[in-house]
Number of protein chains: 2
Amino acid sequence: MDDLEAFRTEGRRLVDWIARYLEGGEKLPVLARVRPGEVRGSLPASPPEKPEALEAILADVERIIVPGLTHWNHPGFFAYFSNSSAPPAILAEMLSATFNVNAMLWKTSPAATELEVVVLDWLRQMTGLPEGMFGVIQDSASSSTLVGLAAAREAVPGLEARRRGLVGQARLRMYASDQAHSSVEKAGIVLGIGQDGLRKIGTDADFRMDVRALAAAIREDRAAGWTPFAVTATVGSTSTTSIDPVPEIADVCANERVWLHVDAAYAGSAAVVPELRWLLRGCERADSLVMNPHKWLFVPVDLSAFYTRRPEVVKAAFSLVPEYLRTPEESVAPNMMDYGVSLGRRFRALKLWMVIRAFGHEGLAARIREHVRLAQVFRGWVAQDTAFEVVAPTPLSVVCFRWRGQGLSAEDADRANEKILDSVNLSGEAFLSHTKLGGRTVLRLAIGNVRTEERHVQKAWDQIRNAVGLVNR
Amino acid sequence: MDDLEAFRTEGRRLVDWIARYLEGGEKLPVLARVRPGEVRGSLPASPPEKPEALEAILADVERIIVPGLTHWNHPGFFAYFSNSSAPPAILAEMLSATFNVNAMLWKTSPAATELEVVVLDWLRQMTGLPEGMFGVIQDSASSSTLVGLAAAREAVPGLEARRRGLVGQARLRMYASDQAHSSVEKAGIVLGIGQDGLRKIGTDADFRMDVRALAAAIREDRAAGWTPFAVTATVGSTSTTSIDPVPEIADVCANERVWLHVDAAYAGSAAVVPELRWLLRGCERADSLVMNPHKWLFVPVDLSAFYTRRPEVVKAAFSLVPEYLRTPEESVAPNMMDYGVSLGRRFRALKLWMVIRAFGHEGLAARIREHVRLAQVFRGWVAQDTAFEVVAPTPLSVVCFRWRGQGLSAEDADRANEKILDSVNLSGEAFLSHTKLGGRTVLRLAIGNVRTEERHVQKAWDQIRNAVGLVNR
């Protein structure tokens, strides 16, 4: 109900509840313990006819929803990439919902558009990207990569993909390493390039794209009648956080005149740490680049920052505003809907602005620096334990490791690692995920939560070693 | 800063501030009065190095951001489609930001996934869509339409668009009326079908798709070597809220074996009113359909509900999970990332669940019924004033009208209507938008805000008539 008294009372109570949740989050099991269908079974199959009190609804959140969640904000969340939301961002999201502006046109929400311009320029400065790169917020890295590759397609000379589509056209091909995120392949599917239009390039022992193989593949494809049009380089791959050699890839792209898109969804944020700025070396030459503040800059999902040196191409790929409606002040006041798929756009800039101000550049750098340090500490523990091995470099905050399972077959060792993983995750104290490297099961510990301290990492390590005992019993 | 004491203090204060904002929202001008660049000029060009107090940041929200916003939650917001956010949804968004779960896999947030399944089923029941339609939340109708048409492309026999892409394939063509939303064209561009692959079908005097023309166009295109693959019918078009004859369109689609996508982004929500259920007549035969609770069900952007009778095709179009990772419990516990572009997915179901419970089905129906009544009242006022004319049917809550400008040339009358619009919008009391119908400038009054009452509509009408006096002076 549109009842402001109830909103006031319950809202104040909710703020306190949230503070307690964040404070005591580690008392809840990280990984949800519900069975499939259990939450659904606790909810009525049909909607209520009559209004219910806000108090009762919020009580159900606590009773039904909270126990059914995997707690991403738990300091023991070490799976995938660890996201977290800082308190100022939580208030910002409440405000965005209150204003409920649609940041599609400058006119429909001038402050939302201009704050987006300003805050993405702040982030550009903090990460050392060159002046003049244009930023726009997308929901997710998947969308950002789709936008980048759509622009790349639009940039192919003579294609006119926008008007003519792809049927009867040149066979387009794009490139990414075998460690690239699935969103690259998904973008290819959506754009009509197809899975066959993506050629995966091998990687070196450190899981970085083999640039010679890239250059050879492009030459070979051209000779076979393909039209190479885009390369996606990964800065911080999903499995191991490996960093492709962007400067060398940029050389290949320049020679071959193909679009360079950089997927720095996870690692890009780390460039706010001065001594980690090298991460984005070469990215000043990228045609487009994505980094996700919702991954490692403490803003809640969703907020993906898309940058491009060629905003006019992105706009040409997407804008459906006819020329005669364009306004002279657009360089100051762009219409952000022209740079992506969605016309309806939430006011997302607010939370990033509030987080940057609440932490300051130094505060953000300090947290990320500490996460990287914690990962090195954990790596050290693993390396010192002869029963375990570290299986990939740890440039940032993700450690890839496995229990050796000495004396076991490869299959049995893999199964044992899966059991260790399950056992740790069932403990409720920590939640790790896994990956496959060279066909073998590998455990991943990813640090990124704003509330994670050394004691949480220590606890995870204890759990892992305990689990080995349990599995081998 | 991750300071929970400041969060508690400022959070409570913010809840009170929001209540006052919502209560007194109509004291602010609806349309922002800032000049391009003004908000930007009030903000530092570079990010702060040191942390700032939450209190100071929130003071800047009030000082810099609020005056720079167009207030979508103002009861005098009558532009585009009027969105609004009800208080329970505002709290829900704060909670979603707190939990910060990523609803990509069931496992990563069981309650978020299962609540999404349940609440979209509630909405399905409330709007009378048939059992068995599968629902998934997307960010915007643009994304939902992209997903629907990507599935349509995937369903073309023998194409294998996913793997092979579109080059060297059959020339695909899709259809929508000349009143359809630009997102249909945008989806065609993104999908590699191109603008040439969309054929726009003419409309009747009431702006509804001409079904005979559709059938003829499909036949003609087939004869010319095109492969017709999808029709998008619009239920509630953007300009006039006209409703395409879906049952007849569904017949054509069945005969021609092409995918039927229904864009009910605005009007679909109105089917929660029992006497307006006819709106979705024929939609039980749609292969996919979109309706936007963030448009007319009082949840803040973004929340678009995508329904499909053929979830397996949508999944085939998007999923990149290999077969051997699929789990038997997926019918109870689907992985929602398999049904769209983005892998990262916010916990959006919470706000819709809280709003449906807080209002009840009856409460939601009552609000929408009242909005439709207010539109008819306004239409009556316009019709009775001989200086004005109503220029389109008003089946729902949007009235299209114009000042006749008797004695003026068509161009001068258009210009006068633009001046009337500007004058009303500058008043700060109401914000209307315009459209073009038959080449002429038309004013639109769109009702949809949860706080709009008859007095606000009356005030807008007074402003409009005042403006006529000013323009003619």
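Worth a mention:
- For chain A, hydrophobic long helices are taken as DSSP H runs at least 27 Å long by C-alpha position along their axis with mean Kyte-Doolittle hydropathy of -1.0 or more; these are A:4-24, A:349-384.
- Inter-centroid distance (Cα atoms) of the range B:37-97 relative to the range A:94-137, Å: 12
- Between A:Arg212 and B:Glu5, the modelled label-to-label distance comes to 6.1 nm, taking each label 7 Å out from Cα in the direction of the beta carbon.
- Cα-projected label distance for A:Arg404 with A:Asp60, points at 7 Å along beta-carbon direction, nm: 5.5
- Local electrostatic count, B:Ala413, Cβ distance below 14 Å [Lys/Arg +1, Asp/Glu -1]: +1
- Shape category assigned to the range B:102-346 from the gyration tensor of Cα positions, a/c cut at 1.5: oblate
- Relative contact order, percent, chain B [alpha-carbon distance under 8 Å, six or more residues apart]: 21
- FRET efficiency for A:Ala316 and B:Glu362, using Cβ-Cβ distance with R0 set to 45 Å, rounded to 0.05: 0.40
- In this entry, the protein assembly as shown is assigned a mean projected area of 35.9 nm², taken as a quarter of its C-alpha convex hull surface.
- Unit charges on C-beta of K, R, D, E only; dipole of the range A:101-346, Debye: 500
- B:Gly438 sits among other residues whose Cβ lies under 13 Å from its own Cβ, and their net charge, with Lys and Arg +1 and Asp and Glu -1, is -2.
- Rotation relating A and B, chain B residue nearest the axis via C-beta, angstrom: B:Gly192, 1
- In a fully extended conformation the segment linking A:Arg163 and A:Glu220 would gain 17.6 nm over its present Cα-Cα distance, using 0.36 nm per residue.
- For the range B:1-56, the spread of Cα positions along each principal axis, largest first, Å: 36, 33, 11
- Around the amide H of B:Arg171, modelled in the peptide plane, lie the amide H atoms of B:Thr227, all under 5 Å away and 5 or more residues distant in sequence or on another chain.
- Computed over the range A:101-346: relative contact order in percent, which uses C-alpha pairs under 8 Å that are six or more apart: 27
- Per-residue [θ]222 nm for chain A (sum of -39500 (n - 2.57) over DSSP H runs n ≥ 4, rounded to 500): -13500 deg cm²/dmol
- Positive end of the dipole of chain B (Cβ unit charges, origin at the Cα centre): among B:Ala141, B:Thr441, B:Ala217, the Cα lying farthest that way belongs to B:Ala217.
- The convex hull drawn around the Cα atoms of chain B, when projected onto a plane and averaged over every direction, covers 25.7 nm².
- A simple count of charges around A:Cys283, restricted to other residues whose Cβ falls under 12 Å of its Cβ and scoring Lys, Arg +1 and Asp, Glu -1, yields +1.
- Compactness index (Cα Rg / 2.2 N^0.38 Å), the range A:99-145: 1.25
- Our estimate of slack between B:Ala170 and B:Glu23, defined as 0.36 nm per intervening residue step minus the Cα-Cα distance, is 47.2 nm.
- The Kirkwood radius of the range A:14-114, taken over pairs of alpha-carbon atoms, gives through the Stokes-Einstein law at 4 °C and 1.567 mPa s a diffusion coefficient of 78 µm² s⁻¹.
- If the convex hull is drawn through the Cα atoms of the range B:156-260, its volume per residue in Å³: 94
- Bins of 10 Å from zero: percent of alpha-carbon pairs in the range B:355-471: 14, 45, 29, 10, 3, 0
- The ranking of B:Ser319, A:Ser96, B:Ser183 from fewest to most other beta carbons within 10 Å of each one's beta carbon is B:Ser319, A:Ser96, B:Ser183.
- What separates the Cα centres of the range A:169-192 and the range A:213-283 is a distance of 14 Å.
Bear in mind that the values in this text are calculations on the coordinates, not laboratory data. Since the model is a prediction, treat every value here as computed from it, not as a measurement. Using ideal geometry, Cβ is built from the backbone for each residue, glycine included, and neighbour counts are taken over all protein chains shown.
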